[in-house]
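Enquirer: Encoded as structure tokens, here's the structure I'll be asking about.
The values are calculated or read from the model by the stated rules, or taken from the named source; none is laboratory data. Because the structure is a prediction, the values reported are computed rather than measured. FYI the Cβ positions are ideal-geometry reconstructions off the backbone, even for glycines, and counts take in every protein chain you see. Protein only, heavy atoms only, side chains kept; ligands, DNA and RNA dropped before computing areas. Shrake-Rupley method; radii C 1.70, N 1.55, O 1.52, S 1.80 Å.
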Amino acid sequence: MDTEQKLTVSLCDTKKKKPLAKDLIFGRTFTDHMFVMDYNEEKKWHDARIVPYQPISIEPSAMVFHYGQSVFEGLKAYRTPEGEVQLFRPQKNMRRMNHSNARLCIPHFDEAFVLEAIKQLVELEKDWVPEAEGTSLYIRPFIISTEPYLGVASSQRYQFYVIMSPVGTYYKEGLDPVGILVENEYVRAVAGGTGEAKTGGNYAASLKAQVIAEQQGYSQVLWLDGVQKEFIEEVGSMNVFFKINGEVITPVLNGSILSGVTRDSVIALLKYWDQPVVERKISMQELYEAQLAGLLEEAFGTGTAAVISPIGRFSWKNQEFTVNGGKTGPVAKRLYDTLTGIQYGKIEDTLGWIEKVGEKENVRV
Ligand code: COI
């Protein structure tokens, strides 16, 4: 625990016009306020505040611009049919952010304090949580290193921000299946690297392959392991699942794969439904042979932004094959309906995953 922390609030003078649901584009519009907190060696994390959303002033020598010492998270606030606002397993994001911090040498923060601050920010901005089907308020916490210094070292100063954006679907396909290019040259991460941390560098490393995939008519990239380029890791910026001969398989967390909150929730739901599910290594060759044998029943990505993204076709070493006739499979559909049902308060939360905003009961993990 850091020193006793307090949250101050300064309100903006004029509120921005909110976009219509039909005009929502992921991550383009931001709410009226944001959370900020500073860190230095002497005071540790301090001066937590909610302030009007505004540009920040930062020295060009700030270390984040040069060596990329930063982490981020992504979670959403959902509006229920009764008009309440709720979060989905937010402690998981707080815990993962500190896990990313540990890898990036960024100081640990008090998870309960920051989650309470996020809830206050969401409560303040609750009119920004959209109502239309499939929309939500995306919450983006992030930490950057701000010390003005060009030496390669861990920064002695940081800033923690939380900004928020009303969003619709992340991928234009929504729940329609996407085409995937299996990437055989570039890799996203290697074991021992930063793949299991949520840090900007991993996403920068993914851009080149994403551009190539799009040029070839595919929406996203399937990442293979960084050493043998044989074993499947992730898809785009999501975790990936396959249903082969009745069993759901997802790559085991091996140090280079992000431990997704949606991934964890999907595994828990499948177990709850007595649907066989296993975390293990799976190679591209095995996937290819399963589809040749007619055993590959479904493939889908999972993530906070897209929830469930079915995969309809793969291209691997210039061979293309489809999954489930290019259509969304029943497991992906059931998972999507159940997860969004719980998130939007339309299905009872029997697994204890929901945190209401505006209520003072916490702390569940
Ligand atoms: C997520 O879905 O959890 C993500 O992190 C996607 C984000 C990079 C846009």
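Enquirer: Grab the DSSP H runs of the chain that are 4 residues or longer, score each as -39,500 (n - 2.57), total them, divide by all residues and round the 222 nm result to the nearest 500 deg cm²/dmol.
Expert: Here the helix-only value at 222 nm equals -7000 deg cm²/dmol.
Enquirer: Can you compute the charge dipole magnitude of the chain about its Cα centre, using +1 on each Lys and Arg Cβ and -1 on each Asp and Glu Cβ, nothing else charged? Give it in debye, rounded to the nearest 20.
Expert: Dipole size: approximately 360 debye.
Enquirer: Okay, moving on. Could I get the Rg over Rh figure for the chain? Both from C-alpha atoms, Rh via Kirkwood, rounded to two places.
Expert: Ratio of gyration radius to Kirkwood radius for the chain: 0.97.
Enquirer: List residues of segment 81-110, by number, whose backbone nitrogen lies under 19 Å from a label position 7 Å along Cα→C-beta of residue 58.
Expert: Only 97-98, 100-109 pass the distance filter.
Enquirer: Shifting gears a bit: Provide, as a two-decimal number, the C-alpha radius of gyration of segment 178-343 over 2.2 N^0.38 Å, N being how many residues it has.
Expert: Dividing the Cα radius of gyration by 2.2 N^0.38 Å gives 0.96.
Enquirer: Under 5 Å between amide hydrogens, which residues at least 5 positions from residue 176 or on another chain qualify, with H placed 1.01 Å from N in the peptide plane?
Expert: The answer is none.
Enquirer: Got a sec? What order do 12, 105 fall in by accessible area at 1.4 Å, biggest, i.e. largest, first?
Expert: 105, 12
Enquirer: Moving to a separate point now. Take every DSSP beta bridge whose two residues both sit in segment 8-168, then give the antiparallel share in percent to the nearest 5.
Expert: The antiparallel proportion sits near 95 percent.
Enquirer: Got a sec to turn the phi values of segment 231-241 into Karplus ³J(HN,Hα) couplings, 6.51 cos²θ - 1.76 cosθ + 1.60 with θ = phi - 60°, whole Hz, x for Gly and Pro?
Expert: Going residue by residue, I get 9, 6, 10, 9, 10, x, 9, 10, 7, 10, 10 Hz, with x marking Gly and Pro.
Enquirer: Show which aspartates and glutamates lie in cross-link reach of residue 15 when reach means a straight Cα distance below 12 angstrom and same-chain residues fewer than eight apart are skipped.
Expert: Once the sequence-local aspartates and glutamates are set aside, what remains near residue 15 is 32, 125, 127.
Enquirer: Just to verify a number: FRET efficiency for residue 229 and residue 264, C-beta to C-beta distance, R0 = 41 Å, to 0.05?
Expert: Efficiency, from the Cβ-Cβ distance: 0.95.
Enquirer: Can you give me the distance in nm between label points at residue 51 and residue 11, each placed 7 Å from the Cα along the Cα-to-Cβ direction?
Expert: If labels sit at residue 51 and residue 11, their model points lie 1.9 nm apart.
Enquirer: So, one more: Using just the alpha carbons, could you tell me how many Å³ per residue the convex hull of segment 8-168 encloses?
Expert: Hull volume normalised by residue count: 119 Å³.
Enquirer: From the gyration tensor of the Cα coordinates in segment 168-271, what semi-axes in whole Å does the equivalent ellipsoid have, largest first, with each one equal to sqrt(5λ)?
Expert: 20, 18, 14
Enquirer: Just to make sure I understand: if all protein chains stay in place, what is the order of 225, 13 by accessible area at 1.4 Å, largest first?
Expert: The most accessible residue leads, giving 13, 225.
Enquirer: What is the dipole size for segment 183-319, taken about its Cα centre, with +1 at each Lys and Arg Cβ and -1 at each Asp and Glu Cβ, in debye to the nearest 20?
Expert: 220 debye
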